[in-house]
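Trainee: Supplied in structure tokens, the structure appears directly below.
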Amino acid sequence: MGMAQPTSGRRDFLRAGGAALTTSIFAGKIHGANDRVNVAFIGMGRQGMGNLNLAAKVPGYQVTAVCDVYQPALERAQQRAKTLGFEGAKAVKDFRDILSDSSVDAVSIAAPDHWHAYMTVEACKARKDVFVEKPACVYVEEGPKMVEAARKYQRVVQAGTMQRSGGFFQKAREIVHSGDLGDITFCRTFQASVNKKEGYGNPPDSDPPAGLNWDLWLGPAPARRFNQNRWGVATNQWSTFRYFWDYAGGAMTDWGVHLLDILQLAFDEAMPVSIAAQGGKFYVNDNLETPDTMLVTYRYPGFIGSYESRTANSFPIYNSGNGTSFHGDKATLMVNRGGYWIWRGGSSNPAVEEKRPEMAEMGVPHWQNWLECIRTRQKPVSDIETCVRSTTTCILANLAMRSGLTLDWDDKAFTVKQIEAKPLLKAKYRAPWKLEV
């Protein structure tokens, strides 16, 4: 086979913690093909509403509750659930009430990123199966605990890296594995766009809006005064909390995790052995914290990978604004949600192969896969361990950029080799919140 040989992505990186990751089938309650799975939705912003709509397209789910700390969002979600035919869906303000409800079989978590690890672990402890949005976590230390909880409590945990359920991406992995590209020595992930120079502006700190429990929204994150951009919820945009270090990792963990997830999927969940990064705010003049421009170099076993993010220039690569590419000595492959393209030899004219509309489907197949695995107790296509690995690859790039260090990754120990960087991997939770498996 012509592809570079990665380290095994199925290594038990939690062995020291006593959790076994080699089991392919979980124990637990088995749902028959005709049984309805009672699922509750936590976090009803734009992504949470999208997940609600997807679940409604998959026969077998029964939406029993929606949950949000912002009353208007909660009311919209409950009304949407009723419109979709789930008349009995309850409106719940505190996610802990969802987890204590024994009638709930599974939960969908689309709360802000800094909540993903805690809610996932607590849901597993409450014997709920979990669909958790990407990125898996904000701190490297959180990821292994999420995997440990899934294994210890025998839960099916599907992550929101839904490109794995898309036909274009599955075909791309097949092509890489076939050796058709030859020896692969370079891979690229990229995203490009143009934002307004004023960005999201510079709103002053203020009191939170009526109906928002700001303290519960913050949860384990540091105590801060409310700021519209730190919260960033609006019906016509993706929430801007993702551009503040307290809650997320910027474009790197928002879009980059999708792009790098496909790279690592193609190489059997390999992670980089070395990470160097540069980035900053060179263009946008708002109060967001994460970079508007970033370039990362990864050394993987057998090849070099890169991640490029531009928000002040939309010049396309491979005639696309985003994607994941694989460069071999025989051919180059680029894939994104619009299709996949192959350039043979030194040709500048790509060949489009099997660009069928059904191959673009991702969301519904992803939710179908979770339902099937809840019933069979098998690992889902985006099992939490895979998302933890891809998320960690993104977090390490942010840490390399912010610290100015080139980081060397010890995959077996699941940590960096630089002693001075190890504290950066630790989770920083505000009392009384604790991440305990």
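Trainee: Which pairs have Cβ atoms under 6 Å, sit 6 or more apart or on different chains, and link a residue in segment 259-281 that is farther than 21 Å from residue 336 by Cβ to one that is part of a loop (DSSP other than H, G, I, E, B) and charged (D, E, K, R)?
Mentor: Pairs that qualify, where the first residue is farther than 21 Å from residue 336 by Cβ and the partner is part of a loop (DSSP other than H, G, I, E, B) and charged (D, E, K, R), are 271/411; 281/292.
Trainee: I'd like to know if segment 356-377 contains one or more residues that are more than 24 Å from residue 131 (Cβ to Cβ) and touching a Gly at 6+ places or on another chain (Cβ under 8 Å).
Mentor: yes
Trainee: In segment 276-305, how many are over 23 Å from residue 390 (Cβ atoms), in contact with a helix residue (DSSP H, G or I) (Cβ under 7 Å, 6 or more places away or on another chain) and surrounded by fewer than 17 Cβ atoms within 10 Å (Cβ to Cβ)?
Mentor: 0
Trainee: Here are 128, 171: which of them is among the basic types (Lys, Arg) and under 18 Å from residue 362 (Cβ atoms)?
Mentor: Exactly one of 128, 171 is among the basic types (Lys, Arg) and under 18 Å from residue 362 (Cβ atoms), namely 171.
Trainee: So which residues in segment 242-263 are touching a strand residue (DSSP E or B) at 6+ places or on another chain (Cβ under 9 Å) and outside any loop (DSSP other than H, G, I, E, B)?
Mentor: Hits for segment 242-263 are 250, 251, 252, 256, 258, 259, 260, 261, 262, 263.
Trainee: Keeping to segment 62-89, report how many residues are touching a residue at least 12 places away in the same chain (Cβ under 8 Å) and either in contact with a Cys (Cβ under 9 Å, 6 or more places away or on another chain) or more than 10 Å from residue 40 (Cα to Cα) (or both).
Mentor: Going through segment 62-89 one residue at a time, the tally reaches 17.
Trainee: Would you check if there is a residue in segment 86-109 being in contact with a Pro (Cβ under 8 Å, 6 or more places away or on another chain), open to solvent by 10 Å² or more (accessible area, probe 1.4 Å) and modelled with pLDDT of 95 or more?
Mentor: Looking for residues that are in contact with a Pro (Cβ under 8 Å, 6 or more places away or on another chain), open to solvent by 10 Å² or more (accessible area, probe 1.4 Å) and modelled with pLDDT of 95 or more, one finds none in segment 86-109, hence no.
Trainee: Against the conditions (1) open to solvent by less than 10 Å² (accessible area, probe 1.4 Å); (2) more than 21 Å from the chain's Cα centre (by Cα), where does residue 213 fall short? Just the number, please.
Mentor: (1)
Trainee: Residues being closer than 30 Å to residue 276 by Cβ, open to solvent by 30 Å² or more (accessible area, probe 1.4 Å) and not in a helix (DSSP H, G or I): count how many of those fall in segment 351-405.
Mentor: 2
Trainee: Taking the stated definitions as given, is residue 272 part of a loop (DSSP other than H, G, I, E, B) and either open to solvent by 10 Å² or more (accessible area, probe 1.4 Å) or over 20 Å from residue 397 (Cβ atoms) (or both)?
Mentor: Spelling it out, it is not the case that residue 272 is part of a loop (DSSP other than H, G, I, E, B) and either open to solvent by 10 Å² or more (accessible area, probe 1.4 Å) or over 20 Å from residue 397 (Cβ atoms) (or both).
Trainee: Restricting attention to segment 411-437, report how many residues are open to solvent by 50 Å² or more (accessible area, probe 1.4 Å) and touching a Lys or Arg at 6+ places or on another chain (Cβ under 7 Å).
Mentor: Residues meeting the conditions: 1.
Trainee: Return the pairs, sorted by first residue and then second, in which the second residue is not basic (Lys, Arg), the first residue lies in segment 326-349 and is assigned to a loop (DSSP other than H, G, I, E, B), the beta carbons are less than 6 Å apart, and the residues are 6+ apart or on different chains.
Mentor: That search, which allows pairs on different chains as well, returns 329/182; 329/183; 330/181; 330/182.
For (1) in a strand (DSSP E or B); (2) more than 13 Å from the chain's Cα centre (by Cα); (3) hydroxyl-bearing (Ser, Thr, Tyr); (4) surrounded by fewer than 21 Cβ atoms within 10 Å (Cβ to Cβ), each residue gets a yes or a no:
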| residue | (1), (2), (3), (4) |
| --- | --- |
| 79 | no, yes, no, yes |
| 121 | no, yes, no, no |
| 130 | yes, yes, no, no |
| 137 | no, no, no, no |
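Trainee: Taking segment 315-350 as the search range and keeping residues that are out of contact with any Gly (no Cβ under 6 Å at 6 or more places or on another chain) and among the basic types (Lys, Arg), which one is least open to solvent (accessible area, probe 1.4 Å)?
Mentor: Within segment 315-350, the match that is least open to solvent (accessible area, probe 1.4 Å) is 337.
Trainee: Kindly indicate which of 214, 245, 231, 238 is within 18 Å of residue 427 (Cα to Cα), aromatic (Phe, Trp, Tyr) and in contact with a helix residue (DSSP H, G or I) (Cβ under 9 Å, 6 or more places away or on another chain).
Mentor: Exactly one of 214, 245, 231, 238 is within 18 Å of residue 427 (Cα to Cα), aromatic (Phe, Trp, Tyr) and in contact with a helix residue (DSSP H, G or I) (Cβ under 9 Å, 6 or more places away or on another chain), namely 245.
A quick yes/no check of all residues on (1) within 19 Å of the chain's Cα centre (by Cα); (2) open to solvent by 40 Å² or more (accessible area, probe 1.4 Å); (3) over 30 Å from residue 437 (Cβ atoms):
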site: 153; (1), (2), (3): no, no, no
site: 158; (1), (2), (3): yes, no, no
site: 180; (1), (2), (3): no, yes, yes
site: 186; (1), (2), (3): no, yes, yes
site: 226; (1), (2), (3): no, no, yes
site: 236; (1), (2), (3): no, yes, yes
site: 244; (1), (2), (3): yes, no, no
site: 249; (1), (2), (3): yes, no, no
site: 255; (1), (2), (3): yes, yes, no
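The values are calculated or read from the model by the stated rules, or taken from the named source; none is laboratory data. If you're wondering where the values come from, they're calculated on a predicted model, not measured in any experiment. Reconstructed Cβ throughout: ideal geometry from the backbone, glycine too, with neighbour counts over all protein chains shown. Remember, those area values only see protein heavy atoms, side chains included, never the ligands or the DNA or RNA. Shrake-Rupley method; radii C 1.70, N 1.55, O 1.52, S 1.80 Å.
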